[in-house]
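Enquirer: Take a look at the following structure, please.
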Ligand code: NDP
């Protein structure tokens, strides 16, 4: 459709060099073209022109002092992308690769993902090019305090509610919250999610993204008369999402044979011992290569890409963007993969996704499949507003319902627009319509 292509070309021209942002805009806009065609009001009201432009981009200096007394400076970002259906909501990423393009891509995706959850949250994302690897606890704390000193001016429990992402887990959220509370002199617990259980965090938040991914994949498989029982599964990453994806996959009877970190991957043909992975990553904060010390029959291989050459039935990329390119997709298909579920954000390149769909691989896109994390974050906000907390089972059951609804809504939307079975198109359409209609209702703002 010409209108959609015009907007994509304009985004590329207006945001030079922002490749990740271009890719996600292209993916989303292309798949919602049939909706825009059916609803001329979206074009009349310039919804696409508005939705690709963040409501606000905040960039700031983050100075901090390292353990040697040397001053260090990092870049800080918060992109407040869209608040049509609720306060901006999305994680903070601490990784040396962070730049404006990556934060904008993540923020843009977050708009539709958050809409899909059915909960009242808008889209945002933030982070810094700070590298947490090899930093002491005190350095992490000083960085988080400096980052929050500036960020605190822009967020609030009804304005913008950050959470964790790569490099930001319970420890970092604790330091960020402590500094926010000190600056505001008020206990506004709902300003951040992913908090510790002792200070208004939600049970099942830590597990939510990984568990949610498996709940989603289970629905997708069930529709194809398949299940995870007895299947061989490869899961990349060994952080928050990967750990709890492994846990739930094992509970569903799958054999998870591999996981990774940014240095390399392990292959354990007998099935991964998750306690060993948790000890290395959650307790020691060490490298996954240490796994073979505890499990001498397992193999360790340097480099990340090789993980996709392992023969498996189901692949769940849970590390980072761009980890499955066309070449890896071809190897996976050749080796008999029949389902791929994205735990990470944009882990498959666009040509890899096209290849999976073309080959009839069941494909669960990130926006839908990993929405469980932000959904439980929104449930954490609800509990904070009530000053009350639900049990693990209560939260987990709500998560199950949410993932089921996301799966059904995405499936229905795909069918309605003639793309039966294509969850990429289905999730984009289902997420987009609610936001677009709210934007129209609010007038030109
Ligand atoms: P973590 O920091 O807990 O874990 C990330 C994992 O991926 C680590 O094993 C890390 O290895 C590896 N990794 C990170 N960057 C790279 C890279 N450039 N190349 C190869 N491996 C890499 O993050 P999360 O588990 O929270 O996030 C993983 C993905 O899931 C991200 O795409 C994130 O946006 C997405 N996501 C997270 C949600 C959440 O609730 N946490 C919600 C929805 C999506 P190493 O230890 O070496 O750094």
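The values are calculated or read from the model by the stated rules, or taken from the named source; none is laboratory data. Here the structure is a predicted model, which means the values were calculated and not measured. So basically every Cβ, Gly included, is an ideal-geometry build from the backbone, and we count neighbours across all protein chains shown.
Enquirer: How about region 335-348: which of its residues are under 19 Å from residue 25 (Cα atoms) and at pLDDT 95 or above?
Expert: Matches in region 335-348: 342, 344, 347, 348.
Enquirer: Let me ask something additional. So, residue 97, is that one surrounded by fewer than 24 Cβ atoms within 10 Å (Cβ to Cβ), farther than 16 Å from residue 434 by Cβ and in contact (Cβ under 8 Å) with a residue 24 or more places away in the chain or not?
Expert: yes
Enquirer: What do you reckon, is residue 279 surrounded by fewer than 17 Cβ atoms within 10 Å (Cβ to Cβ) and farther than 23 Å from residue 167 by Cα?
Expert: It is false that residue 279 is surrounded by fewer than 17 Cβ atoms within 10 Å (Cβ to Cβ) and farther than 23 Å from residue 167 by Cα.
Enquirer: Could I ask something else about it? So if I check each of 316, 332, which one is under 23 Å from the mean Cα position of the chain (by Cα), within 18 Å of residue 255 (Cβ to Cβ), within 16 Å of the ligand (Cβ to nearest atom) and at pLDDT 95 or above?
Expert: Testing whether each residue is under 23 Å from the mean Cα position of the chain (by Cα), within 18 Å of residue 255 (Cβ to Cβ), within 16 Å of the ligand (Cβ to nearest atom) and at pLDDT 95 or above leaves just 316.
Enquirer: Give the residues of region 234-271 that are more than 15 Å from the ligand (Cβ to nearest atom) and free of Cβ contacts under 8 Å to residues at least 60 places away in the same chain, sorted by residue number.
Expert: Of everything in region 234-271, those that are more than 15 Å from the ligand (Cβ to nearest atom) and free of Cβ contacts under 8 Å to residues at least 60 places away in the same chain turn out to be 250, 251, 252, 253, 255, 257, 267, 268, 269, 270, 271.
Enquirer: Counting only residues that are within 23 Å of the chain's Cα centre (by Cα) and in contact (Cβ under 8 Å) with a residue 60 or more places away in the chain, how many does region 277-311 have?
Expert: Looking only at that region, the number is 3.
Enquirer: Could you grab me the full set of residues in region 145-181 that are within 15 Å of the ligand (Cβ to nearest atom) and either more than 21 Å from the chain's Cα centre (by Cα) or not in a helix (DSSP H, G or I) (or both)?
Expert: 161, 162, 163, 164, 165, 166, 167, 168, 169 - these are the residues of region 145-181 that are within 15 Å of the ligand (Cβ to nearest atom) and either more than 21 Å from the chain's Cα centre (by Cα) or not in a helix (DSSP H, G or I) (or both).
Enquirer: I need the helices (runs of 4 or more DSSP H) fully contained in region 346-422, keeping only those with at least 2 residues that are free of Cβ contacts under 8 Å to residues at least 60 places away in the same chain and surrounded by 15 or more Cβ atoms within 10 Å (Cβ to Cβ).
Expert: Ranges flagged: 350-358, 392-416.
Enquirer: Quick one: count up the residues across region 136-155 that are over 16 Å from residue 57 (Cα atoms), in contact (Cβ under 8 Å) with a residue 40 or more places away in the chain and surrounded by fewer than 17 Cβ atoms within 10 Å (Cβ to Cβ).
Expert: Of the residues in region 136-155, 2 are over 16 Å from residue 57 (Cα atoms), in contact (Cβ under 8 Å) with a residue 40 or more places away in the chain and surrounded by fewer than 17 Cβ atoms within 10 Å (Cβ to Cβ).
Enquirer: On the basis of being buried (at least 18 other Cβ atoms within 10 Å of the Cβ) and either at pLDDT below 95 or on the phi < 0 side of the Ramachandran plot (or both), does residue 172 make the cut?
Expert: For residue 172, the condition - buried (at least 18 other Cβ atoms within 10 Å of the Cβ) and either at pLDDT below 95 or on the phi < 0 side of the Ramachandran plot (or both) - is met.
Enquirer: Follow-up question, since we're still on this one. Any idea which residue in region 311-330 is surrounded by the most Cβ atoms within 10 Å (Cβ to Cβ), counting only those that are closer than 14 Å to residue 235 by Cα and out of contact with any helix residue (DSSP H, G or I) (no Cβ under 8 Å at 6 or more places or on another chain)?
Expert: Filtering region 311-330 for residues that are closer than 14 Å to residue 235 by Cα and out of contact with any helix residue (DSSP H, G or I) (no Cβ under 8 Å at 6 or more places or on another chain), the one surrounded by the most Cβ atoms within 10 Å (Cβ to Cβ) comes out as 317.
Enquirer: Now for a separate question. Condition test on residue 222, is it within 13 Å of the ligand (Cβ to nearest atom) and either under 30 Å from residue 158 (Cβ atoms) or assigned to a helix (DSSP H, G or I) (or both)?
Expert: Taking the combined requirement at face value, the residue does not satisfy it.
Enquirer: From the residues in region 335-345 that are within 30 Å of residue 392 (Cβ to Cβ) and not in a strand (DSSP E or B), which one is farthest from the ligand (Cβ to nearest atom)?
Expert: The residue in question is 342.
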